[in-house]
Each structure stands twice: as C-alpha cells, then as structure tokens.
Amino acid sequence: MRPAKRFCEREFYESAAALKAFGIESAFVQGRRGKIIALFYDELWVQKILSTPCAAQYLSGKGYSRGGAVAVQDFVQKVCSKIKSGADFPHEIGILLGYPLLDVIEFDKRKGRGCAHCGYWKAYCDVERAKKLSLLYKECSDRCEMLYQQGRTLQEIITFGKKAVLAA
C-alpha cells in the first residue's frame, strides 16, 4: 500500500485557479496553534444561502451586516478573521461546509447540546434528511480520499464528482 499523500500549501495554490473553473472558491487561513485551514466552497450556492432572510437575520446578530444579505467574499473574510483571531470559533462556518442553515443556527444557539442526530454535523431539524445527507457525505468523502490517494488531482476528483452527481 502506498504511503498517504499529504496535501501541501504549494498544491493548494496551484489548484486554486483550476478549481475556479468549477465554481469553487478557496481561502487559506492560519488558525489556532498555527494550524492551516483550507476552505473550499461553491460561491453561487453559498450566495443563495446568504441571500435568504433567515441567514441575513442570523448573520446580522453575529456582526456581519445590518439589514440585507451578506456578500460571499465579506462572509468568508469575516469567518477567516474570526478563525485567525483565536477567539470563539465561528460556528457559522457550517454555511460554507454545506450544513443546513437551521442546524447551524440551532447548534450556535444551543452551544452544541441537545441535537437529535450527530453525523457530519449536529442536526436539530429534519433528522431524516440529515441522516441521508450524512451517508452521502461519507460515501463522497471516502471516494474522494481514495482517488486522492491514487494520485488523482483535485480537478480530476471534482470532474468525477460532478459526473456522479449528474448520473444520480
């Protein structure tokens, strides 16, 4: 068996431009204890979530914007700033990670306690959907990891993933 391939900063920057062709944006931030966090997100999808009244109200209370939708770049910049500051971790990052907005809000409100299901995220609402999504995330994650360990590039993995989504 091949030794595990590690993701490195150079590969991140080399891939960032190519990932843009897939609508995937990226950010790199140094967090607590010098750990580097690489964020990848679909800008159009995140903008769709951020433009909802529910997200605008929630994020307004978190200091993002007063009245109205938050722009994706402003959101990402503020999340990265919060991570970099080392203060409380910004649980609203769940929006970038694709977690359902209501679960992100409930997690934040309840301080992570009292969830109805714990998978890739703590679910408080629509538990059956959360269970199904967790299974899909696990399957996708396993496949992506396998392809990466086989030496596939991020672009090849994304192309494979998009084809699988279209075929489903």
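The accessible surface of the range 1-137, taken with every protein chain in place and a 1.4 Å probe, is 55 percent carbon and sulfur. Ordered from highest to lowest accessible area with the whole protein assembly present and a 1.4 Å probe, Phe160, Phe107 read as Phe160, Phe107.
Around the amide H of His117, modelled in the peptide plane, lie the amide H atoms of Ala123, all under 5 Å away and 5 or more residues distant in sequence or on another chain.
Peptides 96-105, 81-90, ordered by how many other C-beta atoms sit within 10 Å of their residues on average, highest first, read 96-105, 81-90. Taking the three principal axes of the alpha carbon atoms in the chain, the coordinate ranges are 48, 35, 31 Å, sorted in descending order.
Within straight-line reach of Lys48, meaning a Cα separation under 20 Å, sit the following lysines at least 8 residues removed in sequence or on another chain: Lys20, Lys62, Lys78, Lys162.
The values are calculated or read from the model by the stated rules, or taken from the named source; none is laboratory data. The structure displayed is predicted, hence computed values, not measured ones. Here Cβ is always computed from backbone atoms with ideal geometry, including for glycine, and neighbour counts include all displayed protein chains. Heavy atoms of the whole protein, side chains included, go into the accessibility calculation; ligands, DNA and RNA do not. Shrake-Rupley method; radii C 1.70, N 1.55, O 1.52, S 1.80 Å.
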